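Here the structure is laid out as structure tokens; the discussion comes afterwards.
Each value in this text was obtained by applying a stated rule to the coordinates, not by laboratory testing. Because the structure is predicted, anything quoted here is derived from the model rather than measured. All Cβ positions, even for glycine, are placed from backbone atoms using ideal geometry, and neighbour counts span all protein chains on display.
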Amino acid sequence: MKLVKMNYLLVITITIVSVGCFLSACGIKKKAHYSLGLAYYKRGKLEKAIAQYQQAIDIDPNHASAHNNLGNAYYNQGKLEDAATAYQRAIDINPNYAYAHNNLGRAYYKQGKLEEAVTAYQQAIDINPSLTMAHSNLGQAYYKQGKLEEAIAQHQQIIAINPNHAPANNMGVTYAEKGRLVFGSQQAIGVDPNHAYAHLNLGNVYDKQGKLEEAIAHYRQAIDINPNYATPHLNLGNVYDKQGKPEEAIAHYQQAISIDPNYAAPHVNLGNIYYKQGKLEEAVTACQRAITIDPNDAMAHVSLGNVYYNQGRLEDAIAQYQQAIDIDPNYADPHVNLGLAYYKHGKLEDTIAEYQQAIDINPNDAMAHFYLSHIYSLKNEQAQAIEHLQKAIVLDERMIEHYQTYKAFDNIRQTPEFQQLINSQ
């Protein structure tokens with residue numbers, strides 16, 4: 001009887017040891033798959049990273065970090081729904097996982113779900129108030145929503161958290177002609193990768209508000225922190241362009257190019273300055289360089305098209321505008337400019353179609369309404385001419401200066417509707 005009992009105990013002991021070894025082996029395998037996933041991710045091998053993260057999750061479905069990093073891999077593949085699902089799973093496992101909340105916000109932001117993004121960023125900050133990347137991202141979301149004071153507060157918070165830390169190289173782009181902000185990837189240079197970025201974004205918000213001197217001050221602070229940070233030079237050039245200081249603008253665009261020769265945006269904006277100065281050959285060279293760097297830069301194609309248009313190279317201009325539209329069908333400017341080129345060719349119906357397309361994309365495009373009114377006036381279609389002219393004036397009072405003397409409106413100038421429009425201003 002005693003022997004049987006000893007055998008029973010021996011079996012239990014062996015079983016416990018075996019299970020312990022199994023669990024230990026599983027833990028080692030899980031860690032190995034997860035570490036391999038991180039290594040593949042850093043090398044840009046996203047499919048292999050995904051496979052390793054998934055194997056780690058198969059071993060331990062509650063591995064929150066594996067779910068989070070799986071989301072990062074999906075995010076960088078542009079699979080935003082899959083990324084959001086992975087981030088949400090990480091949060092379900094660990095509701096206090098601040099980085100997962102921040103990353104979920106990034107996925108929502110990229111999808112255009114700004115309210116959801118704001119909520120996710122705020123949750124990340126509630127968990128970790130010192131998480132500067134969440135403040136930065138929340139500031140971007142507020143900027144996108146037009147909540148400029150709230151955006152300022154977030155970027156000031158970053159500076160308050162770490163006033164003395166080094167910046168990051170943010171490859172965000174501000175285009176002078178469009179005022180469009182595109183926030184890109186960040187590469188940490190120092191302890192806090194959002195410090196100079198905060199000054200950059202504060203400058204962007206002040207620029208948007210028309211507070212140009214405040215914008216200049218913050219761009220200069222970003223440059224003082226890191227003189228090799230190209231984007232503040234680009235944006236500083238844009239502000240000087242707005243202030244009518246082309247030489248200062250050119251100097252900063254050239255400085256941005258010297259820091260990063262493969263940065264397309266300063267080449268585009270340099271081309272725009274040369275275009276306004278009448279230096280058309282220099283403008284062509286700058287725009288072509290931008291397109292060589294980034295063939296999918298729609299704004300560069302538009303800018304090059306504008307130069308060709310003013311050189312009388314209409315077919316070349318049309319080709320550039322069409323390329324811009326192919327790249328970004330929801331970009332209104334090339335449709336307006338393509339309409340101008342078709343008008344030069346006497347193709348009025350094609351002209352109308354392009355102006356109308358621009359208005360469909362952006363109903364608040366005053367210039368598109370003005371040009372469309374002009375064409376309808378030439379065609380003696382008075383009601384439509386008055387309708388679009390009125391919309392243009394409501395959207396931009398500067399249109400008043402044009403319509404009173406613009407010869408294209410001779411066909412409708414004496415109509416009661418036109419006179420009423422004049423008297424109402």
### Residues in the range 205-242 that a label on Q277 would reach, taking backbone N under 13 Å of a point 7 Å out along Cα→Cβ
241
### Summary
With Y143 itself left out, Lys, Arg at +1 and Asp, Glu at -1 over residues whose Cβ is under 10 Å from its Cβ give +2
### Task
Return the distance in nm (one decimal) between the two label points of a simple spin-label model at Q322 and K110, each offset 7 Å from Cα along Cα→Cβ.
3.3 nm
### Query
Where Lys and Arg each count +1 and Asp and Glu each count -1, what net charge lies around G339 among other residues with Cβ under 12 Å from its Cβ?
-3
### Relative packing of 324-332, 382-390, which averages over residues the other C-beta atoms within 10 Å, highest first
382-390, 324-332
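Taking 19 Å as the cut-off for C-alpha to C-alpha distance, list the pairs among K31/K79; K379/K407; K245/K276; K79/K144; K110/K144 that go past it.
K31/K79; K79/K144
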### Task
For each of K276, K211, count neighbouring Cβ atoms within 10 Å of the residue's Cβ, then give the residues from fewest to most.
K276, K211
### Message
Given a Förster distance of 56 Å, report the FRET efficiency between N362 and R43 from their Cβ-Cβ distance, rounded to the nearest 0.05.
### Response
0.85
### Message
Could you compute the net charge surrounding K79? Neighbours are other residues with a C-beta less than 12 Å from the C-beta of K79; K and R count +1, D and E count -1.
### Response
-2
### Task
Report, ordered by chain and residue number, the aspartates and glutamates lying within cross-link reach of K391, taken as a straight Cα distance under 12 Å and ignoring same-chain residues fewer than 8 apart.
D365
### Message
At R0 = 30 Å, how high is the FRET efficiency between Q156 and S35 if r is their beta carbon distance? Nearest 0.05 is fine.
### Response
0.20
### Task
Give the Rg/Rh ratio for the range 28-128, taking Rg as the radius of gyration of the Cα atoms and Rh as the Kirkwood radius, to two decimals.
0.98
### Message
Under a crude label model (7 Å from the Cα following the beta-carbon direction), how far is T292 from E381 in nanometres?
### Response
4.4 nm
### Task
Please give the FRET efficiency for S258 paired with K208, using the beta carbon to beta carbon distance and R0 = 30 Å, rounded to the nearest 0.05.
0.65
### Label point distance in nm, K242-N228, each placed 7 Å from Cα along Cα→Cβ
3.0 nm
